[in-house]
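Asker: The following block contains the structure, expressed as structure tokens.
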Amino acid sequence: MPSELIHKFMRIDHLPHIWCAGCGNGIIMRDVAVALEELIDDPEVNLNRGKVVVVSGIGCSSRAAGYMDFDSIHTTHGRAIAFATGIKLAHPELEVIVLTGDGDCSAIGGNHLIHAARRNIGMTVVTFNNDIYGMTGGQYSPTTPTGDRATTAPYGNIDRPFDIAQLAAGAGASFTARGSAYHARETTELIKQGILHKGFSLIDVYSVCPTYYGRKNHKGSAPEMLQWQKENMIPAARYYAMSEEQKRGKLLIGTLTHTEFPEYTQEYAKLIERAQAKK
Amino acid sequence: MPEKKAVLMQGNEACVEGAIAAGMRFYAGYPITPSTEIAEQCAVRLPQVGGKFIQMEDELGSMAAVLGASVTGVKAMTATSGPGFSLKQENIGYGCLAEIPCVVVDVQRTGPSTGLPTSPAQGDYMQARWGTHGDHPVIALSPSSVQETYTLIIRAFNLSEKYRTPVIFLMDEIVGHMREGVVLPSPAELIINKRHISYRDGANKQCYFVPEGAYVPAMKPFGQGERYNITGLAHDVSGFPTGSNAVAGDLFTRLMEKIDHNLDDIVRVEEFMLDDADTAVVCFGGTARAAMSAVLEARAAGMKVGMFRPITVWPFPAAQLRARLAGLKRVLMVEHNYGQMLLEVQRVAAEKLPVGFLGRIDGTVISPADILKKLREMEA
Amino acid sequence: MRYEMRFSGSGGQGVILASVIVAEAAVAAGLQTVQSQAYGPEARGGMCRAETILSRERIWYSKVVRPSFLLALTQQALDKYARELEEGAVVMIDSGLTIPEGLDEDQVLSLPILATARDEVGKLMTANIVAVGAVNKALGLFDEEALHEGVRRHIPVGTEELNWKALEAGARLVSDAQAAKFRRTL
């Protein structure tokens, strides 16, 4: 029950949140909370709530950390993954969750993203990807589609967009997936898989921003934007049954890459053993 | 007790050994001349003592990782030079506001931008104070020998933990790359401060609570079940963003006052032959080496010269310098920059007596002869 | 009494290490010392200079003002630094170099340092250790224990014998008469 979840895992003193009506971020934050709840309650996983650290950067998405009732740190713009790297390496037993946005993690924080992926350091990055800089009022981001409009792209965006999950996969992330605000159950499951995965995981979750992105680009109301996700983002089971022709223009909801590489902090523990044996 | 033997150490190496003695167990950095030996030595030494070293993708990430490690309760450090110090500034400000202890070493090199990477200078003095945006508290310490590098970096960690603030360890290439004999104190001789940790029940709801008469909050490290929030936004005692100007004003004021109201504890100076002096040479860091030689040579020539050296360079030791002015006829500021600490000295002394200046920004080192010549000019 | 020494050559010849080893031996011998260096961006090649100051008293100014000893392993370094010497300074050069005008031959020790390292010790890279052996014999700075202590901290384990051989080969390059002439008491 949602209300129970809110009482258990949200800081109700600090709600309501600051997001606009119709914003997809609340849904994604709830997906993260449900994923954590299910792993805490699962006797086989037995995730320790006191060892969960939620890290965020700056932007609309990054306010989520403050609403979630865990150890939480709302850092500087773009640096969430770098802070998280320090937290995880200093105390590898901590379960580090990074909540970030498209601009935060792939523009100003892009360097930290690709290098954390390359190191395969154990953390779960959830991007609240709304195709726009919302906190500053609607400027184009690295995921704004070419041709779309933003306050800083008044004649149409000539940049090519990133696919954040593919970017992380290309940089060596051992678990990457794509979710959406509409596909809450599937996304929650992907976040759970990401947390259970030992190395670096990234779940790129498509949010909706009716206030800035939607309005600038005539995408309609929040329900209409969610409807677009329903029609154009296809959960894995159905997606893989489709023909190439049917897949055209559609996006997979599901896992993109899932490989096993040595996790960074575990490798560091071995390095310490080697250094101490040599001394 | 047998007399302790000296060991030959480079300044940068002493910085690492002192930091480890202070309990530093996490280092994140990015290679940059002339601080690189600090990263290299940490890569060797930290795993040996169970600590962690990581070479990050850039300076921004290094500073962020250091703060991340520190919130888990680990004493953490980074080191840099030149452009790297500029890049660190963003998250130094975060550490100041969120009150996260850490030590940032800056081994200063010459010039703006890439400048002269292997040459000494002291041009980051003002940047150490005002490098990050907004009014913020700063403690900066500057060593003048390899021995002092070892003991002073321990003090840097102690002050950082005590006041929950980043401490800038302002070295220069002169000291960083110099080798000298160092007598290492035994662990029993060292005073090591631990972090302020609160064990009050429900402290997580008031993690930035500061009792009456105190200036520094006490909070548990992450991962101990407290579930509190840290933010770089202006926040209330619960650690959550506030829109109240009164609450924000109280916070920003307390951050300044926790340093300003504890100057006696924080500020240290070295005074040499000042009691009967009519002239004080003021200097800091590696410049003190030439100044000491010049003072001794001046004394041999019958001139009444002494030296005043801020060891704590921020906050500037204004009260200590003011207390010395009565007996003096003139002050000479000597530093490897275009006149930065000079401004602080003028603020204290310029109305009472003449303040001379000897600076250098070409990457070479000021010699005792240069200082003597300037002293003679001032006396004439 | 402050004794200033300058070690110069080309990057990669190990002149910084030679300077460090002398400082290390000085610490082992209970002397005060300050060692420093200046170099360009090149790791190999390029002019390279290192300095060691020795004293029985505390050393304040950390840079060499006018050295009383100069080691030069390249012509470029010799030509440059021969102009910045204390009166009566001892100059040790590799015998392949030409003594520049204005430098009194009487104060120069021209020794086959590089050739000895290559042919006698068998490794050109020991030239700096050969030089340290020669410097120590000529100036009479340290006893063997302090000198070995100085070298030991800066060489890989297992290369001790090679390095002792280099030190001895260096010492043999300096005659007893030369050692008597150039001996330096601190």
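Asker: For chain A, take the longest principal axis of its alpha carbons; what is the angle in degrees between that and the long axis of helix A:184-196, to the nearest 10 within 0 to 90?
Answerer: Taking Cα atoms only, the helix is inclined about 20 degrees.
Asker: Restrict the search to segment C:71-160; then list the GluC sites (Glu not before Pro) that DSSP places in a loop and that have at most 10 other Cβ atoms within 10 Å of their Cβ. Write out the running numbers ahead of the final one.
Answerer: Numbers: sites: C:Glu84, C:Glu86, C:Glu87, C:Glu101, C:Glu105, C:Glu120, C:Glu144, C:Glu145, C:Glu149, C:Glu160; in loops: C:Glu84, C:Glu86, C:Glu87, C:Glu101.
Passing sites in segment C:71-160 are C:Glu87, C:Glu101.
Asker: Shape call for segment C:89-186 from the C-alpha gyration tensor, a ≥ b ≥ c root eigenvalues: rounded (a/c under 1.5), prolate (a/b greater than b/c) or oblate? Working shown, then result.
Answerer: Details: a/c = 2.36, a/b = 1.40, b/c = 1.68.
Note, shape of segment C:89-186 comes out oblate.
Asker: Can you list the lysines whose alpha carbon sits under 24 Å from that of B:Lys374, skipping same-chain ones fewer than 8 residues off?
Answerer: B:Lys304, B:Lys329, B:Lys352, C:Lys63
Asker: Would you please give the FRET efficiency between A:Ala277 and B:Ser86, computed as 1/(1 + (r/R0)^6) with r the Cβ-Cβ distance and R0 = 35 Å, to the nearest 0.05? Walk me through the numbers on the way to the answer.
Answerer: Details: r = 40 Å, r/R0 = 1.14.
E between A:Ala277 and B:Ser86, to the nearest 0.05, is 0.30.
Asker: Under 20 Å Cα-Cα from A:Lys230, which lysines qualify once same-chain neighbours fewer than 8 residues away are excluded?
Answerer: The qualifying lysines are A:Lys219, A:Lys247, A:Lys250.
Asker: Which angle from 0 to 90°, rounded to the nearest 10, does the C-alpha axis of helix B:36-48 make with the longest principal axis of chain B?
Answerer: 50
Asker: Let's test the formula: R0 of 35 Å, r as the Cβ-Cβ distance of A:Tyr155 and A:Leu15. What FRET efficiency results, to the nearest 0.05? Intermediate results must be reported in sequence, preceding the final value.
Answerer: Values: r = 40 Å, r/R0 = 1.13.
Efficiency, rounded to the nearest 0.05: 0.30.
Asker: Another question, then. For helix B:146-163, report the angle its Cα long axis makes with the longest principal axis of the Cα atoms of chain B; keep it between 0 and 90° and round to the nearest 10°.
Answerer: The answer is roughly 40 degrees.
Asker: Calculate for chain C the 222 nm mean residue ellipticity that helices alone would give, adding -39,500 (n - 2.57) per DSSP H run of length 4 or more and normalising by residue count, nearest 500 deg cm²/dmol. Can you show the working numbers first?
Answerer: On the way: 6 runs with 63 residues, N = 186.
Dividing the helical sum by the residues of chain C leaves -10000 deg cm²/dmol.
Asker: While we're here: Using only DSSP helix segments of four residues or longer, with each worth -39500 (n - 2.57), what per-residue ellipticity at 222 nm results for chain A after dividing by its residue count and rounding to 500? Before the final figure, lay out the partial values.
Answerer: Values: 11 runs with 104 residues, N = 279.
After summing the helix terms and dividing by residue count, I get -10500 deg cm²/dmol.
Asker: Let a ≥ b ≥ c be the square roots of the eigenvalues of the Cα gyration tensor of segment B:12-60; is it rounded (a/c under 1.5), or, if not, prolate (a/b larger than b/c) or oblate?
Answerer: On the way: a/c = 2.04, a/b = 1.35, b/c = 1.52.
Verdict is oblate for segment B:12-60.
Asker: Right, here's the next one. Can you tell me what share of the DSSP beta bridges in segment A:2-278 is antiparallel? A percent to the nearest 5 is fine. Walk me through the numbers on the way to the answer.
Answerer: On the way: 8 of 38 bridges.
If I count the DSSP bridges inside segment A:2-278, around 20 percent turn out antiparallel.
Asker: If you don't mind, another one. Can you give the FRET efficiency for C:Arg184 and C:Val157, using 1/(1 + (r/R0)^6), R0 = 51 Å, r = Cβ-Cβ distance, to the nearest 0.05?
Answerer: 0.95
Asker: Mean separation of Cα pairs under 8 Å and 6+ residues apart, divided by the residue count of chain A: what relative contact order is that in percent?
Answerer: After rounding, I find 18 percent.
Asker: Okay, moving on. Shielding of B:51-58 by partners, i.e. mean partner chain Cβ atoms within 10 Å per residue? Please list the in-between numbers first.
Answerer: Working: counts 3, 10, 4, 8, 0, 8, 11, 4.
The per-residue average across the peptide is 6.
Asker: Could you grab the relative contact order for chain B? Cα pairs under 8 Å, six or more apart, rounded to a whole percent. Don't skip to the end; give the middle numbers.
Answerer: On the way: 809 pairs, mean separation 59.8, N = 380.
Taking the mean separation of contacting Cα pairs over the length of chain B, I get 16 percent.
Asker: Report the residue, chosen from A:Thr255, A:Thr187, A:Thr146, that carries the largest GNM mean-square fluctuation when chain A is represented by alpha-carbon nodes joined by springs under 10 Å.
Answerer: Highest fluctuation among the options: A:Thr146.
Asker: Counting pairs of alpha carbon atoms under 8 Å apart in space and at least six apart in sequence, what relative contact order in percent does chain C give? List each step's numbers first, then the result.
Answerer: On the way: 377 pairs, mean separation 43.0, N = 186.
It comes to 23 percent, rounded to a whole number.
Asker: Right, next: Could you rank the peptides B:132-141, A:228-237, C:63-72, B:277-286 by their average count of other C-beta atoms within 10 Å per residue, with the highest value first? List each step's numbers first, then the result.
Answerer: Values: B:132-141: 18.6, A:228-237: 15.5, C:63-72: 22.0, B:277-286: 26.8.
Highest-to-lowest ranking by the protection proxy: B:277-286, C:63-72, B:132-141, A:228-237.
Asker: Another one. Run through the DSSP bridge list for segment B:204-347 and note the antiparallel percent, rounded to the nearest 5.
Answerer: On the way: 5 of 13 bridges.
Of all bridge pairs located within segment B:204-347, approximately 40 percent are antiparallel.
Asker: Rounded, prolate or oblate, given the Cα gyration tensor of the protein assembly as shown, with a/c below 1.5 counting as rounded? Mind dumping the intermediate values first?
Answerer: Working: a/c = 2.43, a/b = 1.78, b/c = 1.36.
Cα axes put the protein assembly as shown in the prolate bin.
Asker: Can you tell me which lysines have their Cα less than 20 Å from the Cα of A:Lys8? Leave out same-chain residues fewer than eight positions away.
Answerer: Excluding near neighbours in sequence, the set is A:Lys51, A:Lys192, B:Lys205.
Asker: By the scheme Lys and Arg +1, Asp and Glu -1, what is the net charge of all other residues having a beta-carbon under 10 Å from that of B:Val237?
Answerer: Details: positive: B:Lys205; negative: B:Asp236, B:Asp250.
Taking every Cβ under 10 Å from that of B:Val237, the sum is -1.
Asker: Other chains' Cβ within 10 Å of B:280-293 residues: what's the mean? Present the calculation step by step, with values, prior to reporting the outcome.
Answerer: Working: counts 0, 0, 0, 0, 0, 0, 2, 0, 3, 6, 4, 2, 4, 7.
Whole-number average of other-chain Cβ neighbours for B:280-293 is 2.
Asker: On average, how many beta carbons from a partner chain sit within 10 Å of the beta carbon of a residue in B:229-237?
Answerer: Numbers: counts 13, 9, 10, 7, 4, 0, 2, 0, 0.
Counting other chains' Cβ atoms within 10 Å and averaging over B:229-237 gives 5.
Asker: Restricting to DSSP H runs of at least four residues, report the calculated mean residue ellipticity at 222 nm for chain B, -39500 (n - 2.57) per run over all residues, nearest 500 deg cm²/dmol. Show your work: numbers first, answer last.
Answerer: Numbers: 13 runs with 144 residues, N = 380.
Calculated mean residue ellipticity at 222 nm is -11500 deg cm²/dmol.
Asker: Ok, one more. How much of the DSSP beta bridge set in segment B:7-189 is antiparallel, as a percent to the nearest 5? Intermediate results must be reported in sequence, preceding the final value.
Answerer: Numbers: 6 of 27 bridges.
Taking every DSSP beta bridge with both residues in segment B:7-189, the antiparallel ones total about 20 percent.
Laboratory data are not the source of any read-out in this text; all were calculated from the coordinates shown. Since this is a predicted model, take the numbers as computed values, not measurements. Neighbour counts run over all protein chains shown; Cβ positions are idealised from the backbone, glycine included.
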